[in-house]
Amino acid sequence: MKQYITIHRTYHLTLLAGFILCICALPYCTLKKQSSFSHEVHDVLTPSDSVQWAVIVKKADDASSKGDLKTERTVLDEAIKFCKKNKYHIYLFQVFNIYAQRLYSYGEFEKGDKCLDSAAWVVNHYNIVQLKSQLNLAFAAKPQIVGTDSALYYYKAALEDTTYLPDIYKRMLYANLSRTYINKAYYKEAKLYAQKALDLIRQEQFDNRLANEIHMYQYFYLCEKGLKDTVAAFNILSKAYKIMMDSLDGKGDETICQSMGDYYFDKNKFDSALFFYTGFEKRMAETKADRMQIIPYILKAKVYVKLNNFEKAKALLNIVEKEGAPAKEILGSSALEYYETRYEVNKHEGKTDAAFASIEAARKIENETHMEEKSLALAALEEKLTQARAEKTIAEKEEKINMQRLYTIGFAVAAFLIGLIGLLLYMNQRRKKLLETQRIKTLEQQTVIEKANVKMLAENEERKRISKEIHDDIGPALTTLNMAANMINSAAANNDQSQPISLILQNTTSINNQINEIVWSLNSNNDNIQSLTAYIRKFATSFLQTAGIQLNFQSRLNQQNRLLEGYKRRNIFHSVKEVLNNAVKYSKASLINIDIAEQENLFIISIQDNGLGLPENMIYGNGLRNIEENITKLSGEVHLENNSGFSVRISVPLNDA
């Protein structure tokens, strides 16, 4: 707690600087208020008011830099009247807030509470949500000064939503959280928030940025010291001191000098401690904080006692007494050090009574400190209860509003549900009608399919009947006729009547072959690719053997029973027959290759000879044109090549088996 007073003084100077910057920047902010009242909140100054406000801010800045508390209060009172008159409520909150912080810093807690209550009234009455976090930050100031736990409560509340907090306030929030955790000996948490504050400080463009950065190193030092890492603590102090001394003006946080002195004092390096306490004295003199300039005298006197230089120690203590100390309310925790040092001086001089008086005064201060801590704890508890009551009242009002909203929402939901149920019933009825219509349509389609199947079965039966009758009745008659013609032809070989008889024989043979072909195509048992392949092979073997041409036949069928309707078989066979007929007549080939394959959904027949090819006039003749027409009807394709022999590739798509 040795550095507590000076650290808190720096905090309030930073707060004032931040306040001045924030209220100057407010005309350019786009803060929007949410209010359930009819009051109009002006967030932007008029041009004329901007001039007047700039004058007020300048006066406050000058008074603060000079340490002129009386003038500062007068200027702040003027700022309050200005904001109230022109209804600048956001500005009014900022003025009340900084006024309260300044009063707290000088121990005027009652007046500070009134100012802060006014600031809270502005925020709550006009429901300015952007200032809620700043209000919690303001409420933490007094508990921070007196050292009660409620400060942490308000800091955490402010931390819940930092959306509207300017960076300077965020930095203050993180720094104060770090300081609070240091006081509670939660050093890891303290380091975390100190780092966040330092990151924001390094982004600032203010003149006092370097001093604030050095001030955060002081927090890091206290954390490492609390964690018992003296090496890290000293390194941080050394770094901060070097930064301060390397700056252009050599200014920074005077508490760094005090901490350096404390470090060397604890290490019994009293000459070094005296050097840094002297630097602390010079910087405290520059701050014009009269009531705290005597603290370095006590620290130096403590060192002189250790150096057995009691004369210098006594002279410094006399200066402290001359300045109005050692009142505890002036020196704070340093008053105890004063009496302990005075005791050592009196004891050295043999002034036993004075020495005992110093000891009694030190004990009294310790007892008062304990009593004050208890009183402050009770005050903090009472403050928490007051805050809890206020929060309860607000919660009850919000609950009432929420219940009204709930009823409204309930009616709306009920109406919505009724409408939804009606809509669902209508849609269900409509769906039933659609399903019924679809069912009827499906039945009709099934009826059509069944009729088609019946018709197809009847056609197949008719095809079988015709095929059977041709085969059983006409076939034997033609065979008998053909045999008779052969016998007559043999008997009349040397007779002039042999030519007409041969003609009869040829025609009966041709008719017999055609009837066999018709029977084959009509028989539905032959509706597959295996039957077609076998029939082509049988025909090609007989036909080419008669013509004296060698046949090379290959077939590659994966699914031999795959469906191939009768009309398709007939068109394909006629096309193959036409190709072979042309090859025999014109190509003068000695070998014909036939390859039949099934590839995915295609039935492919490739025919190639080793002859001279077809004449040009035959390529575009009726025979080949008929082939293309037959295959095109089946959605197939025909590819012809007339180089180094004649080749034909026929591909026909297959239906699913």
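The values are calculated or read from the model by the stated rules, or taken from the named source; none is laboratory data. Remember, it's a predicted structure, so these values are computed and weren't measured experimentally. FYI the Cβ positions are ideal-geometry reconstructions off the backbone, even for glycines, and counts take in every protein chain you see. Note: areas computed on protein heavy atoms with side chains; ligands, DNA, RNA excluded. Shrake-Rupley method; radii C 1.70, N 1.55, O 1.52, S 1.80 Å.
The table for this structure:
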quantity	calculated
Hits in region 147-168 - residues which are crowded, with 19+ Cβ neighbours inside 10 Å and either among the β-branched types (Val, Ile, Thr) or under 28 Å from the mean Cα position of the chain (by Cα) (or both)	THR148, ALA158, LEU165, ILE168
Residue satisfying condition, being open to solvent by 40 Å² or more (accessible area, probe 1.4 Å), at pLDDT 50 or above, out of contact with any His (no Cβ under 9 Å at 6 or more places or on another chain) and part of a loop (DSSP other than H, G, I, E, B), within set VAL51, VAL44	VAL44
Hits in region 74-101 (condition: touching a residue at least 40 places away in the same chain (Cβ under 8 Å) and farther than 24 Å from ASN176 by Cβ)	ASN86, LYS87, TYR88, HIS89
Qualifying residue in region 537-554 (condition: crowded, with 16+ Cβ neighbours inside 10 Å and polar (S, T, N, Q))	no
Residue within region 150-171 that is under 21 Å from LYS397 (Cβ atoms), outside any loop (DSSP other than H, G, I, E, B) and either touching a Lys or Arg at 6+ places or on another chain (Cβ under 8 Å) or touching a residue at least 12 places away in the same chain (Cβ under 8 Å) (or both) present	yes
Candidates GLN101, GLN130 - the one that is within 40 Å of the chain's Cα centre (by Cα) and part of a helix (DSSP H, G or I)	GLN130
Region 225-274, residues that are open to solvent by 10 Å² or more (accessible area, probe 1.4 Å), modelled with pLDDT under 80 and polar (S, T, N, Q)	SER247
Some residue of region 132-144 being closer than 30 Å to ARG202 by Cβ, crowded, with 23+ Cβ neighbours inside 10 Å, hydrophobic (A, V, I, L, M, F, W, C) and in contact with a Pro (Cβ under 8 Å, 6 or more places away or on another chain)	no
Of residues in region 108-131 being under 16 Å from GLU72 (Cβ atoms) and open to solvent by 40 Å² or more (accessible area, probe 1.4 Å), the one modelled with the highest pLDDT	LYS111
Hey, TYR338 modelled with pLDDT under 85, among the aromatic types (Phe, Trp, Tyr) and either within 30 Å of ILE236 (Cα to Cα) or outside any helix (DSSP H, G or I) (or both) or not	yes
Among the candidates ALA458, ALA484, ALA452, residue that is modelled with pLDDT of 70 or more, out of contact with any Phe, Trp or Tyr (no Cβ under 7 Å at 6 or more places or on another chain), among the small types (Gly, Ala, Ser) and surrounded by 10 or more Cβ atoms within 10 Å (Cβ to Cβ)	ALA452
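Residue by residue, here is whether (1) surrounded by fewer than 16 Cβ atoms within 10 Å (Cβ to Cβ); (2) among the polar types (S, T, N, Q); (3) outside any strand (DSSP E or B) holds:
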site	(1), (2), (3)
SER575	no, yes, yes
ASN593	no, yes, no
GLY611	no, no, yes
ILE627	no, no, yes
SER635	yes, yes, yes
GLY645	no, no, yes
SER651	no, yes, no
ASN655	yes, yes, yes
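For (1) assigned to a helix (DSSP H, G or I); (2) over 26 Å from GLY279 (Cβ atoms); (3) in contact (Cβ under 8 Å) with a residue 40 or more places away in the chain, each residue gets a yes or a no:
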{"residue": "ARG179", "(1), (2), (3)": "yes, no, yes"}
{"residue": "TYR193", "(1), (2), (3)": "yes, yes, no"}
{"residue": "ASP199", "(1), (2), (3)": "yes, yes, no"}
{"residue": "ALA232", "(1), (2), (3)": "yes, no, no"}
{"residue": "SER238", "(1), (2), (3)": "yes, no, no"}
